[in-house]
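A.B. asks: The structure that follows is given in the form of C-alpha cells.
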Amino acid sequence: MSIVSLQNVTKVFPGAETPSVDDVSLEIKEGEFLCLLGPSGCGKSTTLRMIAGLEPLTSGAISIGGKVVDDVVASRRVPAERRNLSLVFQSYALWPHMSVRENVEFGPRCQGLSRTETKQIVDESLEKLAITQYAQRYPAELSGGQQQRVAIARTLASRTNVMLLDEPLSNLDARLRLEMRSEFQRIHRETGSTMVFVTHDQWEAMTLATRIVVMNEGKIQQEGTPMEIYGRPANTFVAQFMGSPPINMIDAETAHGALGRWLQARGWQAHTAGFRPEDLRFVPVAAAGSAGTTGATGGNGQIRGTDASTRSPTAANASAGAAGVPADALRFEVEISGVLPTGGSWIIEAKEGDTTFFGTATRRPALEYGQRAIAWVEPEAIHLFNAAGNRIEPGQRTGR
C-alpha cells in the first residue's frame, strides 16, 4: 500500500526559468525507508517540503494515507499541521526555552492527549533514543548528536503516519554521523515507521534506505534498491554520482580506441563504457629489452599471473590473455600516477592521456609511480551507455 503518492508534481519558483521539481511521480509504500538522493539543487528538499505542506505545488497532486492533500486542478490544499506527518530539520529546530521533555511532549500536547498518555509516549520516546537522563536539560546544554536525538524523539512522540527527514545528519561530525545512521536503522526496524530521508550523501542513502530515488535537475533519474542503483545505473549521471572513488568512464576514442575495438570484436555498439574501481585490474609491463615478471593486481591487492617473457608494452597490450589477462577482457595501457593508502585499503590512480582511472585494492599493490601497466576489466563488470547517456542492457548491445 502506498502511504504517500505524488502525481506529476512540478514546482516553479517565481522568477525561475526552469522548474525546481519537474513532473515527478512517486509512490512511497507504508513502512518503507526511502531516500531522496542527489546533488545540491536537484529538487529533493523541495519535494520533501511539498509533501510536508510547507511549499505549494505549481501543478500536480499529492495524497497521504489515501487522502488528497494537494491538488492544483481541484484547488485543494490541506495545511501542513493537518497532514499527520512530522519533519526533522537539518538544524534540529528545538525550542531553546524548553527542556528536552517539553520539546518532546509538544506534539502529543497539541494532539490533545491526556497527561497520562503524553507522559507514557514521551517516556517511551526518550528511552528509545537513550536520552532519558537529559530530560530536564535545555538544548544549549546538549551536544549536536544529543540535540539530533531529541529532534527524532519529538518526531516519534508525535505518532504520525510518515516521518520526513531533511538532511538530518549534515551538521554532525563523521563519527556521530556513523552512529546516527545505526540509530535510524534501529528506529526504523523497531517502529516500522514510514521514513522519507533527504540526503546528498550517497553512503547515507546506501546504508539506510530500502529504496533510493536519485534526482537531478528536478527529475527522477532512477529508483530502486541500493544495490540496484549501484550495480545497474540507469544512465551516466547515476553511474558517476554513485561510488567513491568514482566509476571509470571511457568512450570509444579514449585509450587509443581500445573500447571501440573491443566492442567491434563482439558486434556491439555503444558510446561509453563504465566500470567500478574495484573491478579494474592492472598488469605491470616489463621494460622493453629486459626480463621481468608481470601479473594482475587489484581487488585484494595480490599479484596473480605467471612469469612472462620480455615483451614491449605494445605487444603486451595486443597479446590476448597475456600475463593472466582474460582473452575477452577490455584492456588498455596506462601509466601509474599514484598508489594512495587510505588505511584499510589502497587507491590506484592511473592515466592515459588526459583521462584518469581509479582502481582499489585491500593490500599494497605491486605498482609504482610512473610505471607502465595494462589496465583491464572483465566483460561482466562493464556498464555500456548510448550517446544519450542511457544504459544499454545486455540484450540490447547490438544497437545504439
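The values are calculated or read from the model by the stated rules, or taken from the named source; none is laboratory data. All of these numbers come straight from a predicted model, not from anything done at the bench. Here Cβ is always computed from backbone atoms with ideal geometry, including for glycine, and neighbour counts include all displayed protein chains.
A.B. asks: Do we have VAL283 as modelled with pLDDT under 95 and assigned to a strand (DSSP E or B) here?
C.D. replies: So VAL283 fits the description; yes.
A.B. asks: Here's something else I'd like to know. Please enumerate the residues belonging to the range 367-400 that are surrounded by 14 or more Cβ atoms within 10 Å (Cβ to Cβ), small (Gly, Ala, Ser) and modelled with pLDDT under 90.
C.D. replies: Listed by number, the list is empty, since nothing qualifies.
A.B. asks: So how many residues does the range 156-177 have that are out of contact with any Gly (no Cβ under 8 Å at 6 or more places or on another chain), farther than 14 Å from THR199 by Cα and assigned to a helix (DSSP H, G or I)?
C.D. replies: Number satisfying all stated conditions: 3.
A.B. asks: Here are ALA130, ALA140, ALA174: which of them is surrounded by fewer than 20 Cβ atoms within 10 Å (Cβ to Cβ) and modelled with pLDDT of 90 or more?
C.D. replies: Being surrounded by fewer than 20 Cβ atoms within 10 Å (Cβ to Cβ) and modelled with pLDDT of 90 or more holds for just one of ALA130, ALA140, ALA174, which is ALA140.
A.B. asks: While we're on this one: Looking at the range 58-99, which of its residues are outside any strand (DSSP E or B), crowded, with 16+ Cβ neighbours inside 10 Å and in contact with a helix residue (DSSP H, G or I) (Cβ under 6 Å, 6 or more places away or on another chain)?
C.D. replies: If the condition is that a residue be outside any strand (DSSP E or B), crowded, with 16+ Cβ neighbours inside 10 Å and in contact with a helix residue (DSSP H, G or I) (Cβ under 6 Å, 6 or more places away or on another chain), then TYR92, LEU94 are the ones that fit.
A.B. asks: Residues of the range 222-244 being buried (at least 22 other Cβ atoms within 10 Å of the Cβ), in a loop (DSSP other than H, G, I, E, B) and under 10 Å from the mean Cα position of the chain (by Cα), which ones?
C.D. replies: Matches in the range 222-244: MET242 only.
A.B. asks: Here's a follow-up. Cβ contacts < 7 Å: first residue in the same structural domain as ARG281 (by the TED database) and small (Gly, Ala, Ser), restricted to the range 345-362; second residue buried (at least 17 other Cβ atoms within 10 Å of the Cβ) and not in a strand (DSSP E or B), any location; separation 6+ or different chain. Result?
C.D. replies: GLY359/PRO277; GLY359/LEU280; GLY359/GLY298; ALA361/GLY298; ALA361/GLY301
For (1) aliphatic (A, V, I, L, M); (2) touching a residue at least 60 places away in the same chain (Cβ under 8 Å), each residue gets a yes or a no:
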{"residue": "SER182", "(1), (2)": "no, no"}
{"residue": "GLU190", "(1), (2)": "no, yes"}
{"residue": "SER193", "(1), (2)": "no, yes"}
{"residue": "VAL196", "(1), (2)": "yes, yes"}
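A.B. asks: Right, here's the next one. So GLU253 passes all but one of these: (1) outside the structural domain of LYS11 (by the TED database); (2) modelled with pLDDT of 95 or more. Which condition number does it fail?
C.D. replies: (2)
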